[in-house]
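Here's the structure we're looking at; comments come further down.
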């Protein structure tokens, strides 16, 4: 492995040198899906000059793609591994004790350094999450992992769930979770009815000053729900997005393409956090992320995501639960095998998973 990494580093340096960009690869990190080469360049070299050579770099490495980003004071070239390794949710929760996970925090996966990435929904900077990406990007798998991790780390007295599945394929396998306050809403009509109930529940909580337990609403295929449910679905979602946080209600919605024609600006404006998977073009990436220049069109699919929050972009590999494992997860949670909640305690140190550092200093 080390020899191959050194050969790739030499090729990256050669490509840059051929375009009169003095640079040196300092080392990198090997993650489950890609290698992140850290590069130092001469003072004054602009990022876009290196980024314009991403395709040429990929060609020299025999890779399908390469992505150039800035991390602090260094440039990073991300190159896919020939054999990707899935990030199993079971392994992650096995290495994350309950005391290290805050209440109502969902496990997303591991970041580019291999460190587990958590998202605490009640945080003012989070509240609601929009998951976007094309077919095969891993949207539904990510939402499943978030829902299962919430159920694993939180008692029903801390978190309750509402699942809306317009097509009846994505969230249906989670129907046995004990945290559900109503059956999985399968189909658009049932989905609209569930949203109407949630608006009523939100108003009741507002009147009575109730914020607990947290009520997490996961919606698969948001565009289908909006296209068929039309005005009733959109009005309910906008009201929940605008006022839900005060009542302890949080939305996690996924869609293939959050364009203005499908998802209104009034709705998108209330999703401060975006998880963006592979998209078809730079324009789609800008619409999905809410900011330009993320490079989401160059993601690898199958769980390769960008987390966009407060103008910052974090690349991560989403946690994964195989179809055949879902029944075991729900059965274990029904039996009360899941971990106890973190009870809002601050997270302690978390282990580094899947991120082997590589130092090129001796090259």
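Of everything listed in (1) over 18 Å from residue 139 (Cα atoms); (2) in a strand (DSSP E or B), the single unmet condition for residue 318 is (1).
Among the residues of region 206-225, those that are in a helix (DSSP H, G or I) and in contact with a helix residue (DSSP H, G or I) (Cβ under 6 Å, 6 or more places away or on another chain) comprise 206, 225. Of all residues in region 161-180, those satisfying the criterion of being farther than 14 Å from residue 247 by Cβ and in contact with a strand residue (DSSP E or B) (Cβ under 7 Å, 6 or more places away or on another chain) are 161, 163, 164, 165, 168, 171, 172, 174, 177, 179, 180.
Pairing residues of region 313-341 that are more than 23 Å from residue 102 (Cβ to Cβ) with residues that are modelled with pLDDT of 90 or more and part of a strand (DSSP E or B), at Cβ distances under 9 Å and at least 6 apart in sequence or on separate chains, gives 322/88; 325/88. Within region 112-131, the set of residues being in contact with a strand residue (DSSP E or B) (Cβ under 8 Å, 6 or more places away or on another chain), over 19 Å from residue 89 (Cα atoms) and in a loop (DSSP other than H, G, I, E, B) comprises 122, 125, 126, 127, 128. With respect to the conditions (1) touching a residue at least 24 places away in the same chain (Cβ under 8 Å); (2) closer than 21 Å to residue 138 by Cβ; (3) touching a helix residue (DSSP H, G or I) at 6+ places or on another chain (Cβ under 9 Å), residue 113 falls short on a single one, namely (3).
Any chance region 133-155 includes a residue that's under 22 Å from residue 194 (Cα atoms), part of a loop (DSSP other than H, G, I, E, B) and not assigned by TED's automatic domain parsing to the domain that holds residue 29? Scanning region 133-155 turns up no residue that is under 22 Å from residue 194 (Cα atoms), part of a loop (DSSP other than H, G, I, E, B) and not assigned by TED's automatic domain parsing to the domain that holds residue 29. Does residue 26 satisfy the condition of being at pLDDT below 85 and farther than 26 Å from residue 302 by Cβ? It is false that residue 26 is at pLDDT below 85 and farther than 26 Å from residue 302 by Cβ. Determine, yes or no, whether residue 228 is touching a helix residue (DSSP H, G or I) at 6+ places or on another chain (Cβ under 8 Å), under 24 Å from residue 263 (Cα atoms) and without any contact (Cβ under 8 Å) to a residue 24 or more places away in the chain. In short, no.
The values are calculated or read from the model by the stated rules, or taken from the named source; none is laboratory data. On a predicted model such as this, the values are computed, not experimentally measured, just so you know. With ideal geometry, Cβ positions are generated from the backbone for all residues, glycine too; neighbour counts draw on all protein chains shown.
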